Amino acid sequence: MSNSKKKRPVMRREYTKDDLKALKAHSKARTPIAKISKQMKRTVPALRAKAHQLGIGLGHQR
């Protein structure tokens, strides 16, 4: 039985100081996380995890 779904290799990129600055700015501006994800070329869960590590909120508040 062959696996029909191919797994992508894990691509990890370090967060630069500029990335962190941008993430904090987006947090203050309440930018939607989907928009941040496209701009920074990172997945939504990755951004949420990093924001949690930094202790900042991301996206709008319900």
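The values are calculated or read from the model by the stated rules, or taken from the named source; none is laboratory data. What you are looking at is a predicted structure, and each value in this text was computed from that prediction instead of being measured. Using ideal geometry, Cβ is built from the backbone for each residue, glycine included, and neighbour counts are taken over all protein chains shown. Side chains are part of the model used for accessible areas, which takes the heavy atoms of the whole protein and leaves out ligands, DNA and RNA. Shrake-Rupley method; radii C 1.70, N 1.55, O 1.52, S 1.80 Å.
Give region 27-41 a look and list any residue that's assigned to a helix (DSSP H, G or I), more than 11 Å from the chain's Cα centre (by Cα) and surrounded by 13 or more Cβ atoms within 10 Å (Cβ to Cβ), or say none. Can you show your working first?
Residues of region 27-41 assigned to a helix (DSSP H, G or I): 27-29, 33-40.
Restricting the remaining residues to those that are more than 11 Å from the chain's Cα centre (by Cα) gives 27-29.
Within region 27-41, just Ser27 meets the criteria.
Do we find a residue being in a loop (DSSP other than H, G, I, E, B) and not acidic (Asp, Glu) anywhere in region 42-53? Walk me through how you get there before you give the answer.
Restricting attention to region 42-53, the residues satisfying the condition of being in a loop (DSSP other than H, G, I, E, B) are 42-43.
Narrowing further to those that are not acidic (Asp, Glu): 42-43.
Scanning region 42-53 turns up at least one residue that is in a loop (DSSP other than H, G, I, E, B) and not acidic (Asp, Glu).
Scanning region 5-26 for residues that are open to solvent by less than 100 Å² (accessible area, probe 1.4 Å) and among the hydrophobic types (A, V, I, L, M, F, W, C) returns Leu20, Ala22, Leu23, Ala25.
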